[in-house]
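The block underneath contains the structure these notes are about, expressed in structure tokens.
The values are calculated or read from the model by the stated rules, or taken from the named source; none is laboratory data. Quick caveat: nothing in here was measured; it's all calculated off a predicted structure. All Cβ positions, glycine included, derive from the backbone under ideal geometry; neighbour counts span all protein chains shown. Side chains are part of the model used for accessible areas, which takes the heavy atoms of the whole protein and leaves out ligands, DNA and RNA. Shrake-Rupley method; radii C 1.70, N 1.55, O 1.52, S 1.80 Å.
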Amino acid sequence: MLSEPIAPCHAVEAAPGSGLSPRRLRVPLLFVLVLAVLLSACGASPAPPFFGATRHDVTLQGIRFAVLLKNENAEVIRLGYLSRAERRPVPGLMVLAAEQASGCKVAGPAAGIYRAPSLPGDTGEARFQLKCP
């Protein structure tokens with residue numbers, strides 16, 4: 001058994017003289033939450049090796065993709081929700097999206113720092129090495 005009562009969470013107060021009241025703490029917290037929601041609504045963001053890449057939005061067969069191009073490599077990110085049955089054509093469409101956005105042919109999976117961390121056949125994200133004329 002406990003010998004001392006546990007103070008409820010709402011009883012924690014800011015140090016005297018700090019100028020932080022519960023009301024003053026709520027405003028910055030609300031601002032941070034709103035900012036986080038707004039930033040998450042921006043859509044797909046690139047993986048670190050693709051920072052500074054050129055983004056192209058491509059729609060194929062009603063499925064939207066963000067294609068990021070950098071140094072003859074492409075990162076293709078599927079946007080939106082698809083059921084398991086609807087995901088079947090996605091890997092092939094990702095190749096087409098990379099080729100359409102870049103004007104190059106897909107030579108195979110990306111290698112080196114551009115290599116995809118996901119398993120082959122991932123329908124959410126794929127990375128390709130491009131062969132440009």
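Of the residues making up segment 104-115, those that are open to solvent by 20 Å² or more (accessible area, probe 1.4 Å) and either touching a His at 6+ places or on another chain (Cβ under 8 Å) or free of Cβ contacts under 8 Å to residues at least 24 places away in the same chain (or both) number 4.
The residue that is nearest to the chain's Cα centre (by Cα), among those in segment 63-84 that are small (Gly, Ala, Ser) and open to solvent by less than 30 Å² (accessible area, probe 1.4 Å), is Ala66.
Out of Ala101, Ala85, one residue alone is without any contact (Cβ under 8 Å) to a residue 12 or more places away in the chain and among the aliphatic types (A, V, I, L, M). It is Ala85.
Does Leu96 satisfy the criteria of being open to solvent by 60 Å² or more (accessible area, probe 1.4 Å) and at pLDDT 95 or above? Here the answer is yes, as Leu96 does meet what is asked.
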